[in-house]
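Have a look at the structure below before the remarks.
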């Protein structure tokens, strides 16, 4: 039976999941009434941007057998979309946060095993707590940080970190065919303010990495330790010292992210000594910058390029349209890690037209980039969905997508041929 385009009663499960999105309720109720005709709902709503996301999420929520076969463009997987994993000898994901890479059901169990007091008692309410559950996204990056607060709290024990790393790597290979993966996390945001020993947290992540490497030898995976813009200089120094100390066990790079204190421009010169120390030890350097912030965000990109000289930049989308910054990125051969869905959900980019403009500007000006998710579980996306999105909206051609993925493998800090940035 084909679905009728009319109002249908809203199921209780749907109401708990996304009550504020009318299209989601309509699609969800229709799918619950006819659970084996998810394709019909897709046919009705595939032209609407919000509905494409809503249908995919709802299919998973009501456990529809077609859920895992529905891509971000509203198609069944394999019908029209290229098989990227086979075409490209596996996908490369270089920018994903541990807090956004673990499924809600695993986090739910970890929270209960550790006796963490949660503000909700129902699983579906919890799912909304730890993911960007509204297809329209969050208000801003501060709202996203509130979601990370919960995932980081739940991952604040050795067993939780080990389970999370192991699950994220295995899930990336099984669901997306990812064969090069870097997971980044801040260990100090997972030791409960010093209550847990930092080395135990890091070693737990390494155990998760080692276990996943045995189970999925096809995957080359590594860990990036993150500094934070709200931390003291000494705290960030300790993180880099730990990264260097554990570099022989799978720590492959360092990063810095986090909210700007007072929403003011961040002085990246403060972490220059730590970055130089990490580079001298052979670690890769990637820096979160240029995701938002307008003019001072662009100024920060210039400062990072001049002072920190990173191998890669997380996001960097504000450089699009700035001829001088794009020239500097091109000449320094810095690779941008761009996360389209994340940028849409956080309002860093307002719409798909803006996404297309960013990628066309970089592609036409020789700026190197790779595609990433930022955190597939938190953002309700897959790397394949990101590639499909860029192809569908005309941001990149298939050849350019192939090049971006190959560049991800080449620019990874995990690969044997990697060398730290030019000194």
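Values quoted throughout were computed directly from the atomic coordinates according to the rules given, and no laboratory measurement underlies them. Since this is a predicted model, take the numbers as computed values, not measurements. Because the Cβ atoms are built from the backbone with ideal geometry, glycine has one as well, and the counts that use them run over all protein chains shown.
What FRET efficiency comes out for the pair residue 324/residue 218, r = Cβ-Cβ distance, R0 = 45 Å, nearest 0.05?
Numbers: r = 42 Å, r/R0 = 0.92.
Given R0 = 45 Å and the Cβ-Cβ separation, E is 0.60.
Treating r as the C-beta distance of residue 237 and residue 159 and R0 as 22 Å, the FRET efficiency rounds to 0.20. Put a dot 7 Å past the Cα of residue 331, heading toward its Cβ, do the same for residue 198, and the two dots end up 3.7 nm apart.
Taking the fewest neighbouring Cβ atoms within 10 Å as the starting point, the ordered list for 122, 402, 255, 385 is 122, 402, 385, 255.
For region 84-411, count all C-alpha to C-alpha pairs, find those more than 25 Å apart, and express that count as a whole percent of the total. Could the numbers behind the result be given before it?
On the way: 25444 of 53628 pairs.
More than 25 Å apart: 47 percent of the Cα pairs in region 84-411.
Taking the empirical scaling 2.2 N^0.38 Å for compact globular proteins as reference, region 306-423 has a Cα radius of gyration ratio of 1.03. Each pair of Cα atoms in region 214-273 enters the Kirkwood radius, and Stokes-Einstein at 25 °C and 0.890 mPa s then converts it into a translational diffusion coefficient of 189 µm²/s. Estimated from the Cβ-Cβ distance and a Förster radius of 22 angstrom, the FRET efficiency linking residue 175 and residue 142 is about 0.15. With one equal scatterer per alpha carbon and no solvent term, the Debye-computed log10 I(q)/I(0) for region 256-376 at 0.23 1/Å reads -1.47.
Length gain on complete extension for the stretch residue 230 to residue 277, per 0.36 nm per residue less the alpha carbon to alpha carbon distance? Numbers along the way, then the final one.
Working: separation 47, 0.36 × 47 = 16.92 nm, distance 2.03 nm.
Extending this stretch completely gives an extra 14.9 nm.
Computed across region 239-286, the Kirkwood hydrodynamic radius from all distinct Cα-Cα pairs reaches 11.6 Å.
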